[in-house]
Each structure stands twice: as C-alpha cells, then as structure tokens.
Amino acid sequence: MNDRTGFLRRSLLLDGIASGLTGALLLVGAGPLSAALGFSTPGLARVVGALLALYAGARLWNAGRPRVGRGQTLAAVVLNAAWVLGSIAVIELGPLTTLGNVAVAAVALAVLGFAVLEIVGLRRVREA
C-alpha cells in the first residue's frame, strides 16, 4: 500500500468488512430478523445477505489488488448510491416495522458514508 492509495484502500476495506458482516448476519439470522424487521419472507433476507457477501468479496478483492481498480471503485460508489435510494424507497413504500425502518435508515447512512469515503479516496489518487 502506498500513500496515494492508502485512504482509498482503507475505505474499500471498511465497506467490504461492513457489507460482509451485514450479509452474514442476514444469512444466519434470516428468520428472526425477517420477522423483527417486517420482511415478507426470510428468503428476501437470505437473497440480500448473499448479494452483500458477493459485494463484500468484490470490495475486499479490489482493496487488496496491487493496483486499485478505478472502474471497480466507481461501480462501488454507484451501487452504494443505488442502495441509499432503494432504502429511501423501501422506507417510504415498504411494509416494514418501525425497527425495520430504523435499521434500513441506519444502514443507508453508513452506506452513504462509504460512498463519500470512496469518492474522496478516488479524488486523492487522481490529484496525486
């Protein structure tokens, strides 16, 4: 890791770890979490958990590459933005419980933070 990419690598690593942990939580606790959050079926939690695990693997892979992929990082930013917008839609339109709405909002704020960190990291690399 060099000084130019260190911030970006750490941002991707943080995104990957948080996404992986969230994905694992949804996969392992799909039944109880679905009921508490208001998901229609545990299958939905499992699908989201599996997708998060794949996403996490891609972020961790990119963070550990000899040269961080700009395209993969931009894809992460776009996917994070889509997650935030989707979360707003779920809160506004979805039949989640109050706890579900709070959880979705909290995760969306964290994801927004990851997107901002990754944008800052990309700019630091570009400016160097």
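The values are calculated or read from the model by the stated rules, or taken from the named source; none is laboratory data. Since the model is a prediction, treat every value here as computed from it, not as a measurement. Glycine gets a Cβ as well: all are built from the backbone with ideal geometry, and neighbour counts include every protein chain shown. Surface accessibility is based on the protein's heavy atoms, side chains included, excluding ligands, DNA and RNA. Shrake-Rupley method; radii C 1.70, N 1.55, O 1.52, S 1.80 Å.
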If a residue has to be surrounded by fewer than 19 Cβ atoms within 10 Å (Cβ to Cβ), in contact with a Leu (Cβ under 9 Å, 6 or more places away or on another chain) and either modelled with pLDDT under 95 or of a type outside the set (Val, Ile, Thr) (or both) to count, how many in segment 1-17 make the cut? 4
Sole miss for Leu25 among (1) under 24 Å from Glu127 (Cα atoms); (2) at pLDDT 95 or above; (3) not small (Gly, Ala, Ser) is condition (1)
Do you know which of the residues in segment 93-119 that are aliphatic (A, V, I, L, M), over 13 Å from Asn80 (Cβ atoms) and exposed (fewer than 13 other Cβ atoms within 10 Å of the Cβ) is nearest to the chain's Cα centre (by Cα)? Ala106
Scan (1) modelled with pLDDT under 95; (2) surrounded by fewer than 14 Cβ atoms within 10 Å (Cβ to Cβ) for the single condition Gly64 breaks and write down its number. (1)
Which of the numbered conditions does Arg46 fail, given that it passes all the others? Conditions: (1) open to solvent by less than 20 Å² (accessible area, probe 1.4 Å); (2) among the basic types (Lys, Arg); (3) more than 30 Å from Ala128 (Cβ to Cβ). (1)
Could you pull out the residue among Gly49, Gly100, Gly121 that is closer than 14 Å to Leu14 by Cα and of a type in the set (Gly, Ala, Ser)? Gly121
